[in-house]
Structure formats: C-alpha cells, structure tokens
1. Would you point out which residue out of Ile90, Ile107 is touching a strand residue (DSSP E or B) at 6+ places or on another chain (Cβ under 7 Å), in contact (Cβ under 8 Å) with a residue 60 or more places away in the chain and buried (at least 21 other Cβ atoms within 10 Å of the Cβ)?
2. I'd like the full set of residues that are more than 17 Å from Thr103 (Cα to Cα) and either free of Cβ contacts under 8 Å to residues at least 24 places away in the same chain or open to solvent by 10 Å² or more (accessible area, probe 1.4 Å) (or both), limited to region 138-163.
3. Quick check on region 138-161. Is at least one of its residues assigned to a helix (DSSP H, G or I), at pLDDT 95 or above and either of a type in the set (Asp, Glu) or touching a Leu at 6+ places or on another chain (Cβ under 6 Å) (or both)?
4. Suppose we filter region 95-137 for residues that are among the hydroxyl-bearing types (Ser, Thr, Tyr) and either assigned to a helix (DSSP H, G or I) or over 26 Å from Ala181 (Cβ atoms) (or both); how many remain?
5. Pairs under 9 Å by beta carbon, first residue touching a residue at least 12 places away in the same chain (Cβ under 8 Å) and aromatic (Phe, Trp, Tyr) in region 1-17, partner open to solvent by 10 Å² or more (accessible area, probe 1.4 Å) and assigned to a loop (DSSP other than H, G, I, E, B), six or more apart or different chains?
6. Quickly run through region 11-48 and pick out the residues that are part of a helix (DSSP H, G or I) and surrounded by 22 or more Cβ atoms within 10 Å (Cβ to Cβ).
7. Test Thr128 against the criterion of being more than 13 Å from Gln98 (Cβ to Cβ) and either within 16 Å of the ligand (Cβ to nearest atom) or β-branched (Val, Ile, Thr) (or both), and give yes or no.
Amino acid sequence: MRQLIAGNWKMNCLLQDAVALAQGIAAGADGIAADLLVCPTALHLAAVAQALQGGAVAVGGQDCHQEKQGAHTGDIAAPMLRDAGASWVILGHSERRQNHGETDELIREKTLAAVDAGLTPIVCVGETADQRQGGQETEVVGWQIAGSLPKPFTGAIAYEPIWAIGTGKTATEQDVAMMHAFIREELVRQFGDAGHAIRILYGGSVRAANAASLLAVPNVGGALIGGASLKADEFLAIARAAQPG
Ligand code: PGA
C-alpha cells in the first residue's frame, strides 16, 4: 500500500496563508509516490478543499464530535467536515487527549461517527516521556489501541510518542521499528488479517532531513507531520522520501 504523508496544520495559518500553502503543495505533488493529505483548521477546510479540488492532495479535519448534530456549542460534527470537503479526520491527537481530556472511549465514539459520515479516521496513540522512562510504552499504546478503535476498524493509526511532538526529539529508528512492530501485532491480534492492511503512520518531529530513514522502517505506513508541514517545500521533500508502495 502507498504510504500516507499527512500534514497536521494544528491551529496555524490565517485563511490566505492556508490557501497559499495548499496551492504550493498541490503545485509540487506531481509524481510523488505517496498519498498526500493536509488537515487545516475546520474553519479553512472548505477554502482549502476548493483550492485542491480535482488534484492529488486530500483534505482532512483535526477532530470531530461524536454526535451527528445537536446542542454542542463550538463543536464540529463529522458530517460537517465531510460537507466542507474533508475525506479524512485526525482523532485522539495527544493535544486533544491532554488539553481536552479525551478518553479512549470518547475517541472510539468519534471514530465511529467519522466512519459513519464517510470520513477515514487517523487515530493517534503514543506514550508520554514519563511512561517511556517507566518502561510502559507498549502497555500504554496497547491500551489506547484496545480502547480507541471500534471493530471493525477502517482507517489509519498514527504512533506519536508525546515526547517527540514539536520537540525536535525524533524517536530513533529502533524505537520506531519496535513500536510499529508491536502495534502491527496488536492490530492483527484484534482484527485478524485486516490488521495487516491498516497503515501505521509515525509522527513526532518528522522533517525532510529524517524522513527517508523513518519512512524506510518496516511497518511504517507514512508520516503525520506538524511543524514541518507548514512549509510546502519541506512537506513535499518529506513526501518525496516516501517508499514506493
Ligand atoms: P510535529 O507534530 O511534527 O510538529 O512534532 C506532529 C503531530 O503532532 O502530529
């Protein structure tokens, strides 16, 4: 399967910059042997989707509510993301787990809502620095996978060690190989053969300079990129480092 190179723009860019960034990425996307995705703030989704219409770059949301509609001030429903042009949605990012108290159970409900609305979810998992120091990384990620993914699961996983997000501290290739092999094993244990086909993205300080080595690690199905996805050239350089699928 082709690798997925996904940009998580988080709470960055004003509208004009977001559209320009999307156009810059689209302009350099020809011939890239990976699936490309950008996830702007929901407020810019429609404009970014319009700028990318008919091209190779897909658009996704960064979160959605677990219900289809209703009295949830300030929230965004999965069908609204779909309606605005999204085909993917990131769920359970550590910034949502930590800053918004999202639990595995809530993320599972959101994942169901996303799939129901026709979106492909990217469910994020990953341990804190303390958990890694305590040797609990596989236990924590195992619980997150068991709790956050509905059965059956159609989507991707992003392994993002929290200590590597936005810190410039990338996990070593050995760490990534070990964690991705563990996640693959868990997916196959839970979903049988279907678990082999689930893409497992790596995220956490991925940049052009380290992308080729990270993307070559077995069981790495792509990358989820924060900071380095905000520059078209850097994002495209990462995408060009993808392994042909
Ligand atoms: P980063 O963020 O690339 O800036 O470390 C990754 C993410 O949070 O998805």
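The values are calculated or read from the model by the stated rules, or taken from the named source; none is laboratory data. Quick caveat, the model's predicted, so the values are computed rather than measured. We place every Cβ from the backbone using ideal geometry, glycine too, and count neighbours over all the protein chains shown. Heads up: the accessible areas ignore ligands, DNA and RNA and are worked out on the full protein's heavy atoms, side chains in. Shrake-Rupley method; radii C 1.70, N 1.55, O 1.52, S 1.80 Å.
1. Ile90
2. Scanning region 138-163 gives Thr138, Lys151, Pro152, Phe153, Thr154, Gly155, Trp163.
3. Checked against the condition, which is being assigned to a helix (DSSP H, G or I), at pLDDT 95 or above and either of a type in the set (Asp, Glu) or touching a Leu at 6+ places or on another chain (Cβ under 6 Å) (or both), region 138-161 yields at least one hit.
4. Matching residues across region 95-137 total 2.
5. Trp9/Thr41; Trp9/Gln62; Trp9/Gly226
6. The answer is Ala18, Leu21, Ala22, Ile25, His44, Leu45, Val48.
7. Criteria not met by Thr128.
Here's the yes/no breakdown for (1) among the acidic types (Asp, Glu); (2) open to solvent by less than 20 Å² (accessible area, probe 1.4 Å):
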| position | (1), (2) |
| --- | --- |
| Ala208 | no, no |
| Leu215 | no, yes |
| Val220 | no, yes |
| Ala223 | no, yes |
| Gly227 | no, no |
| Leu230 | no, no |
| Asp233 | yes, no |
| Ala239 | no, yes |
| Ala242 | no, yes |
